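**Q** There's a structure below that I have some questions on.
What follows is calculated from the coordinates using simple rules that are stated; it is not laboratory data. Computed from a predicted structure; not experimentally measured. When we count neighbours, we look across all protein chains shown, and the Cβ atoms used for this are built from the backbone with ideal geometry, even at glycine.
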Amino acid sequence: MQDVIILGCGVIGAACAYTLSRYDVSVTVLEKSNDVANGTTKANSAIVHAGYDPRPGTAIARLNVEGNRMMEDLCRRLDVPFKRIGSHVLAFSEADLSHLQVLYERGVKNGVPDLRILTGEEARLMEPNLSEAVVGSLYAPTAGIVSPWELTLAMAEVAVRNGVELILEAPTTAIRQEEDGTFTVTTPKGDFRAKTVLNATGVDAEAVCGLLGVHEFTLTPNRGEYYLLDKSEGTRVRSVIFQCPDENGKGVLVSPTVHGNLIVGPNAEAVSGADATENTAQGLSFVKKQAIRSVPTLSFRENIRNFAGVRANHAEDDFLIGESSTFPGFFHLAGIKSPGLTAAPAIAKEAAEYVASRTPLIPKAEFSDGRRVIRFKSLSEEEKRAVIARNPLYGRVICRCETVTEGEIVAALQSPIPPTTVNGVKRRVGAGMGRCQGGFCSPRVQEILARELGIPMEAIPLDQPGSNILTGRTKEEYR
Amino acid sequence: MKELTCIVCPRGCRLRIDETRDFLVMGNGCERGIDYAKAEITSPVRTLTSTVKIVGACHPRLPVKTNRPIPKKLLREAMTILNRITVHAPIRIGDVIVKNIAGSGADLTATRDM
Amino acid sequence: MKNCQLAIIGGGPAGLAAAVSAYQNGVRDILLLERDKSLGGILNQCIHNGFGLHYFKEELTGPEYAARFVAMLKETAVRVVSDTMVLDITDDRVIHAVNTDGYHTIRADSIILAMGCRERTRGAISIPGTRCAGILTAGAAQRFVNMEGYMVGKRIVILGSGDIGLIMSRRLSLEGAEVLACVEVMPHSSGLQRNIVQCLDDFGIPLYLSHTVTDIIGRDRVERVVIQKVDENRLPIPGTEIAFDCDTLLLSVGLIPENELSRQAGIRLDPRTNGPEVFENMETTIPGVFACGNVLHVHDLVDFVTREAQNAGKSAADYLLRDPMPATEAYRIEASDDISYTVPQKLHPAIPQKAVSVFFRVRRTFEKSHILVTDGETVLCAFSRERMAPGEMEQIYLPTALLRRAKGNTLYISCEEVSK
């Protein structure tokens, strides 16, 4: 019997786990996938929003601004890539200019610091590759970029190190409230019982809540498609470039990523559910067309990958955070659309306050915060010498595009949440994220995984179970 | 009249063969094209390249080839034979792995030291 | 690692031939750096035959071709350091490299770049659909099948009719997989004709020209691939969809020279080749730094790589031991619209050789035609060809004596079909 069960280990679930791991409470996290950060968390714009967008007075506005304030310190502690690069919302018309004014006023009410409205010339002085058609911008210096999956992984790792139990491949198949008010959650990995359940299952949150036999809210899954351009395009802009929202949605953004690439997207399209992450020709061509309005010189020839993520949009224009109206102890963390990534640390604080109302939260004496990762590429020459001398595996480069060494991959495999898939390794160390997209290194990553996990090469999946890369051996199957 | 692309060298000459005039070959860039065209019409041959299992080497497969082209119709049979073979390192380039594979008259030889 | 006279980056066919040639031309202190465990580069996985017809006048497999040069290298005193990755080259020729022995900075008097190329991926052509398992580049599949002995699929569609795609169609068929289609966006194949015959026709694999993959369906692994006919602008034509139930999509959609190190060193690259801009002696814009093989431009035959690498090796020897060529450009070579690029892009003044080799590729198929070299007014020389195709490199030898007759300092190369 646990004090708390967290359903889902995306950025919200992981933030809750990390926050609660400071206290003397027993926590189990149940994740449906074979890795953390494997849903909406890994496929979004990776922006830390300033907070001028949400309507004042909403939860979304409050949590966005607070999350933005918390993010830098959090990332420093957890050794997660984060850069405060600022953002521009571009105006192309008079109507857009008046919308910038609306956003500016909202931002001021929401407590966003240092907002400024710039002329087209001023904006182009800061971002020389902006279109000549830009007539103004709302500049928000507090906006930033982050690595969403590394943030999630870091929070989950520290939580696990401090005693939180993480169970992967454990989708919730049934939930019931016992007579004593506790909950039993059924998964293929067994039944789990806790006093309090936090539902952080993203796009699945409505269905998971439905397992209790109630319908308390409606989510409308919405897909966004992206281009990820090569590092040769990574400095095309220096800050996050948004467009004014119009009838087509929030507009397509162009932004550097913390890994040095350029991200372009998303569109917005209603889809059936969390699995609808395929790219479409129409979606991609829309993104391309819109992005070129902001930055006409973008070179899509330098594209290295397309992807799509599904947002857990909520029918009402706010996050849905609060206790179930029918089942006390069941807490919704639902409808966490953009800026959910930014708000995650603040959302977790609220979730912890809720838990505290049911179970006293006493700080642990021996809580061990923080995390350090060796990223060979970013070490100085002296540090590189030293780390190879300590462990020669840091001298063997596996991923040439991103300069990732065998030492880093083995370290990830020995971390609190070891990867079991090629994509899992990629999210942890960046192998296969570069311009050749794993063409050279993915077989070697597979070899290392097979060796360290003690399983055959053919058994290594790309991502989820069943996504094996190899179908067998030559000379054996076709005799 | 039959048309063929010559595969003797990368040039890929387009050959025309007149069966009614004792396999008269036209369009060939060199003498080898004539032989190729006649053989291709009467009994086509190919060099087979593949791998066999190897134990105790740096890789689990040893590359092999037939040391001369074999009749095209024997390719499958030759594959069936070599698929069942396991050799042990060390192997030298040119070592015969199977003599007279599938009765083709060609030997299967190693194409790499291992 | 100690400093050296000549450092060669890459131990594939280009690096091997360059090393042997530099040694034969008198350079004694040569260091060859290879990232893989063994020498030979991509040849080790190209177990098919067809290599060496020009150079050795016999038909060899890839490993056999590599073995000949490894044997020649063994006769020299070239130092080979394998399993070593070069991280950086500076413009004053300092090489930063790592291996399990440590971090090395090596000062070289001359460098030959021979890093080869990489495959274009799904991202480069933005194929819609899911991002499941079962989508890989033909070269990656080739390594799995030929060297490691793994099968990458059972029912396979191949996008791209370049040589690697064609060769893999045959390999996978022989190994028991079913290759359902080879799909090519252009109206012609970019591979060699002989490979279409012996890799597709022999196995009854249909070639869909002017088609491309427009959707990939499958949750965990590929379940279906949809292809569509394309119009003259390479845009899919609605209503022409053909679906294949398959578990694998192999991509053979082009190669890109790997020039991250060249770029870091500040070497000027030619956007047409994606490789360094070079003189006729393979010297880049940094004096003493040469380039050869697929890092310079993507070759169709390894035999040409060998010749080019020998040129680079000899030129490095000349640079180190004899008179370096001046860094001045006497002639620039301009290609007409029908030609996608030339290598070299420029010529030194006072070239000692009798003739210089110029490689180029045509953009479209040419029947019987002339290749003309002019100075803008006068035809300096002409070469005739029975046929030219984009998949095949063309090579001409420009007699240096002719250059003296050229007015101005630009040479124009063009092709024209001989009217029938």
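**Q** Positive end of the dipole of chain C, charges at C-beta (+1 Lys, Arg; -1 Asp, Glu), about the Cα centre: which of C:SER21, C:THR342, C:VAL362 has its Cα farthest in that direction?
**A** C:SER21
**Q** Just grab the label-to-label distance for C:ALA355 and C:ASP101, each label 7 Å out from Cα along the Cβ direction, in nm (one decimal).
**A** About 4.4 nm separates the two model spin labels.
**Q** Considering only DSSP beta bridges whose two residues both sit in chain C, what percent are antiparallel, to the nearest 5? Working shown, then result.
**A** Values: 54 of 88 bridges.
Around 60 percent antiparallel, to the nearest 5.
**Q** So how strong a dipole does chain A carry about its Cα centre when Lys and Arg Cβ are +1 and Asp and Glu Cβ are -1, to the nearest 20 debye?
**A** Dipole of chain A, to the nearest 20 debye: 1420 debye.
**Q** While we're on this one: With Cβ to Cβ distances under 9 Å as the rule, what net charge do the other residues near C:LEU255 carry (K, R +1; D, E -1)?
**A** Here the count lands on +1.
**Q** Taking all pairs of distinct Cα atoms, average 1/r, flip it, and tell me the Kirkwood hydrodynamic radius of the range C:312-420 in Å to one decimal place.
**A** So the Kirkwood estimate lands at 14.9 Å.
**Q** Follow-up question, since we're still on this one. Name the trypsin sites (Lys or Arg not before Pro) in the range C:364-411 that are in a loop by DSSP and that have at most 15 other C-beta atoms within 10 Å, would you?
**A** C:ARG364, C:LYS368, C:ARG404, C:ARG405, C:LYS407
**Q** Shifting gears a bit: Modelled label-to-label distance, C:LEU269 and A:SER299, 7 Å Cα→beta-carbon offset: nm?
**A** In this crude spin-label approximation the distance works out to 0.7 nm.
**Q** Does anyone have the angle between helix C:163-174 and the longest principal axis of chain C? Alpha-carbon axes, 0 to 90°, nearest 10?
**A** 50 degrees
**Q** Provide a whole-number value for the mean count of partner chain Cβ atoms within 10 Å of the Cβ atoms in peptide C:189-202.
**A** Details: counts 0, 0, 1, 6, 8, 9, 4, 3, 7, 6, 1, 0, 3, 5.
Other-chain Cβ atoms within 10 Å of each residue's Cβ, averaged: 4.
**Q** Going by alpha carbons, how many degrees (0 to 90, nearest 10) lie between the helix axis of C:62-74 and the longest principal axis of chain C?
**A** So the helix axis and the longest Cα principal axis differ by about 20 degrees.
**Q** Quick one: dipole size for the protein assembly as shown, taken about the Cα centre, charges +1 on Lys/Arg Cβ and -1 on Asp/Glu Cβ, in debye to the nearest 20.
**A** 2220 debye
**Q** Follow-up. Give the cross-link partners of C:LYS37 among the lysines, using a straight C-alpha distance below 22 Å as the criterion and excluding same-chain residues fewer than 8 apart.
**A** Correct list for C:LYS37: A:LYS377, A:LYS384, B:LYS53, C:LYS2, C:LYS74.
**Q** While we're on this one: Roughly how many nanometres apart are two label points built 7 Å out from the Cα toward the Cβ at C:ASP201 and C:SER419?
**A** For the pair C:ASP201/C:SER419, the computed spacing is 3.3 nm.
**Q** So which trypsin sites (Lys or Arg not before Pro) in the range C:235-291 end up in coil per DSSP with only 13 or fewer other C-beta atoms within 10 Å?
**A** The qualifying sites are C:ARG268.
**Q** Rank A:ALA344, A:SER33, A:ASN261 by how far each Cα sits towards the positive end of the charge dipole of chain A (+1 on Lys, Arg Cβ; -1 on Asp, Glu Cβ) and give me just the farthest.
**A** Value: A:ASN261.
**Q** Next up: Divide, for chain C, the radius of gyration over alpha carbons by 2.2 N^0.38 Å, where N is the residue count.
**A** Expressed relative to 2.2 N^0.38 Å, the Cα Rg reads 1.02.
**Q** Based only on Cα atoms, what Rg/Rh ratio does the protein assembly as shown have, Rh being taken as Kirkwood's radius?
**A** That ratio equals 1.00.
**Q** Right, here's the next one. Over chain C, what relative contact order in percent results from Cα pairs under 8 Å that are six or more residues apart? Please list the in-between numbers first.
**A** Values: 1025 pairs, mean separation 65.7, N = 420.
16 percent.
**Q** Continuing with the same structure: Specify the inter-centroid distance of the range A:282-344 and the range C:335-405, based on alpha-carbon positions, in whole Å.
**A** A separation of 54 Å, based on Cα centres.
**Q** Output the antiparallel fraction of DSSP beta bridges having both residues in chain A, as a percent to the nearest 5.
**A** 75 percent
**Q** Quick one: net charge of A:SER467's neighbours, Cβ under 11 Å, K/R +1, D/E -1? Don't jump to the answer; show the numbers that get you there.
**A** Working: positive: C:ARG131, C:ARG219, C:ARG221; negative: A:ASP463, C:ASP220.
Taking every other residue near A:SER467 into account, the sum is +1.
**Q** Let me ask you something else. Given the Cα-Cα distance of A:ALA95 and A:ALA174 and 0.36 nm per residue of separation, how much length would full extension add, in nm?
**A** Working: separation 79, 0.36 × 79 = 28.44 nm, distance 5.01 nm.
Using 0.36 nm per residue and subtracting the Cα-Cα distance, I get 23.4 nm.
**Q** Rounded to the nearest 5, what is the percent of antiparallel bridges among the DSSP beta bridges in the range B:49-110?
**A** 75 percent
**Q** Rounded to the nearest 0.05, what FRET efficiency do B:LYS38 and C:GLN395 give with R0 = 25 Å and r taken as the Cβ-Cβ distance? Could you check?
**A** Taking R0 as 25 Å, the efficiency between B:LYS38 and C:GLN395 is 0.25.
**Q** Over all directions, the average projected area of the alpha-carbon convex hull for the range C:83-230 comes to how many nm²?
**A** Hull-based average projected area comes out at 12.0 nm².
**Q** For the range C:27-141, what is the Kirkwood hydrodynamic radius in Å, using each pair of distinct C-alpha atoms?
**A** One over the average 1/r among Cα pairs gives 17.2 Å for the range C:27-141.
**Q** Next question. Let me know the whole percent of all Cα-Cα pairs from the range C:216-312 that are separated by more than 17 Å.
**A** That tail contains 65 percent of the Cα-Cα pairs.
**Q** What are the radius of gyration and Dmax of the range B:49-110, computed over its Cα atoms and given in Å?
**A** For the range B:49-110, the Cα radius of gyration and maximum Cα-Cα distance read 11.1, 33 Å.
**Q** So, one more: Would you tally the net charge around B:LYS72, using a Cβ to Cβ cut-off of less than 10 Å, leaving B:LYS72 out, and scoring K and R as +1, D and E as -1?
**A** After counting each charged neighbour, the total is +1.
**Q** Set Lys and Arg Cβ to +1 and Asp and Glu Cβ to -1, take the dipole of chain C about its Cα centre, and tell me which of C:PRO352, C:GLY41, C:LEU53 lies farthest positive.
**A** Going by the Cα projections, it comes out as C:PRO352.
**Q** Suppose the chain between B:HIS88 and B:ARG76 were pulled fully straight at 0.36 nm per residue; how much longer would it get relative to their current alpha carbon spacing?
**A** 1.9 nm is the gain from fully extending B:HIS88 to B:ARG76.
**Q** For the range A:376-459, build the convex hull from the C-alpha positions and give me its volume per residue in Å³.
**A** Details: hull volume 7.3 nm³, N = 84.
About 87 Å³ per residue, rounded to a whole number.
**Q** Regarding the range B:2-42, what whole-number volume in Å³ per residue does the convex hull of its Cα atoms give?
**A** Convex hull of Cα atoms, per residue: 53 Å³.
**Q** Report, in deg cm²/dmol and to the nearest 500, the calculated mean residue ellipticity at 222 nm for the protein assembly as shown, where each DSSP H run with n ≥ 4 adds -39500 (n - 2.57) and the sum is divided by the residue count.
**A** -7000 deg cm²/dmol
**Q** What does the charge dipole of the range C:328-420 about its Cα centre add up to, to the nearest 20 debye, if the Cβ of each Lys and Arg holds +1 and the Cβ of each Asp and Glu holds -1?
**A** Numbers: 13 positive and 12 negative charges, 47 e Å.
The dipole of the range C:328-420 has a size of about 220 debye.
**Q** Another question, then. Would any residue of the range B:98-112 have its amide N under 13 Å from a label point 7 Å out along Cα→Cβ of B:ARG68? List them or say none.
**A** Inside the label zone: B:100-101, B:104-108.
**Q** DSSP loop GluC sites (Glu not before Pro) in the range A:71-153 with at most 16 other Cβ atoms within 10 Å of their Cβ, which ones?
**A** Here the sparse-neighbourhood loop sites are A:GLU132.
**Q** In addition: With a 10 Å radius around each residue's Cβ, average the other Cβ atoms per peptide and rank A:424-430, A:160-166, highest first.
**A** Per-residue mean Cβ counts within 10 Å order the peptides as A:424-430, A:160-166.
**Q** Let me ask something else. Which order do C:ARG234, A:ARG293 fall in if you start with the one that has the fewest other Cβ atoms within 10 Å?
**A** C:ARG234, A:ARG293
**Q** Using only atoms on other chains, find how many Cβ atoms lie within 10 Å of each Cβ of peptide C:387-398 and report the average. Intermediate results must be reported in sequence, preceding the final value.
**A** Numbers: counts 5, 0, 1, 0, 2, 3, 1, 0, 0, 0, 0, 0.
So the per-residue partner count for this stretch is 1.
**Q** A further question follows. For peptide C:219-225, what's the mean number of Cβ atoms from other chains within 10 Å of each residue's Cβ?
**A** 3
**Q** Let me ask something else. Compute the normalised compactness of chain A: alpha-carbon radius of gyration over 2.2 N^0.38 Å, N being the residue count.
**A** Output field value: 0.98.
**Q** For A:GLU132 and A:THR58, what is the calculated FRET efficiency with R₀ set at 41 Å and r taken between the beta-carbons, to the nearest 0.05?
**A** 0.70
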